[in-house]
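The values are calculated or read from the model by the stated rules, or taken from the named source; none is laboratory data. Remember, predicted model here, so these are calculated numbers, not experimental data. Virtual Cβ from ideal backbone geometry, glycine too; neighbours counted across all protein chains shown.
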Amino acid sequence: MTIHSFPVFNYEDMVNGAITPDHVFDTLRKHGYFYLTRLEQVVPPRLFKSLHEKARHFFASPLEQKMAYYIGASPNHRGYVPVTEKGAYSDEKIRAYEAFDIGYDSAEAPGRGFKLIGPNRYPGHVDGMDAALQAYYNANLRIGTELLRLIARASQLEDSHFDRYITRPASQLRLIHYLENDVLVGQDDASMGAHTDYEVFTIMHQSAPGLLAFDQVGRSWKNMPVFKNTLLVLAGDMLEFMSGGHIKSLLHRVVSTGEERYSFPFFMNLDFDTELTVLPAWGRSDKSVVVGHHLLGQLYRDFPYIKERVDSGQWVLDFAIPSHNEYEQI
Ligand SMILES: O=C(O)CCC(=O)C(=O)O
Ligand SMILES: [Fe+2]
């Protein structure tokens, strides 16, 4: 038995209606996050296990082998992100993590690569990495779609309201590997700087503590505990936008314990070109946001290779990069 003081929902109850959409919405309004348990029907424990195994195997490979899949050499933002691909977070002076990113897998040619459309790439030397990541991606997409149905219902819309915007979503799965180190421990510098996530929800699995979330009620940072075979759902910028600010995008960061750590965030998003307005249930506003424009504006700050591609004109955008993130809260 586990004693909880954090909001936790049983996924089965959530999909069969035992937990009301209003309750889920109110939990996000109050806390900005919740944990999900009883996921066997959508993420079997062996899938969590194989995800860990593939991540461990891949990140243990020699740098040269990993760099053969460098994200900056892919047309559509897929692949390996080395420690040196450091974004502009002011509280993240030393970066001690590497990552591997995939997106929605489609056979289409990437075309305008910045729209993140096209096929995934997988390292051939990690046996079964493609099948495990793809299965995990699909499971999270299913959970994300269910969560959006609950948001639709809590907003007095048809269950299926968002389904039309989930045809090839700009949703990414990241495998993140925080390296064992003795340079960040006890420093104020974060292992990953404070930020909100840019999508609708983040659905995250972690191997060890380190994640802190900013608690709106107590106005303080809270350690997020880690439970086995459990997911943590965080509210993102697009949820804040469409709820007219009733739900706040959760501010979070990662502190370094010095120990090796893995985390696997899935960023649930809508199709790149989706233009969102505030849902009528949550207020009136003339403002709108295109989810892909907001996402790219943030990736431009996070990935030097993207900044270089945009600034040099290699990626010709048909929109202006948003200059700041209005969802930053402190
Ligand atoms: O590693 C973690 O626990 C958090 C990762 C994260 O916040 C992110 O990738 O956006
Ligand atoms: Fe995040």
Of everything in the stretch 88-119, what is at pLDDT below 80 and of a type in the set (Asp, Glu)? Give them in sequence order. Asp91, Glu92
Residue hits (the stretch 66-84; in contact (Cβ under 8 Å) with a residue 60 or more places away in the chain and either loosely packed, with under 15 Cβ neighbours inside 10 Å or within 16 Å of ligand 2 (Cβ to nearest atom) (or both)) are Val81, Val83
Can you tell me how many residues in the stretch 197-228 are under 15 Å from Leu251 (Cβ atoms), of a type in the set (S, T, N, Q) and either outside any strand (DSSP E or B) or within 11 Å of ligand 1 (Cβ to nearest atom) (or both)? 2
For the stretch 23-42: of the residues being hydroxyl-bearing (Ser, Thr, Tyr) and closer than 15 Å to Lys228 by Cα, which is nearest to the chain's Cα centre (by Cα)? Tyr35
Somewhere in the stretch 259-270, is a residue at pLDDT 95 or above, more than 16 Å from ligand 1 (Cβ to nearest atom), within 15 Å of the chain's Cα centre (by Cα) and not hydroxyl-bearing (Ser, Thr, Tyr)? yes
Is there a residue being within 11 Å of ligand 2 (Cβ to nearest atom) and either modelled with pLDDT under 95 or closer than 27 Å to Asn120 by Cβ (or both) anywhere in the stretch 217-230? no
I'm checking my understanding of the structure. Among residues of the stretch 43-70 that are among the basic types (Lys, Arg) and in contact with a helix residue (DSSP H, G or I) (Cβ under 9 Å, 6 or more places away or on another chain), which one is nearest to Lys228 (Cα to Cα)? Lys54
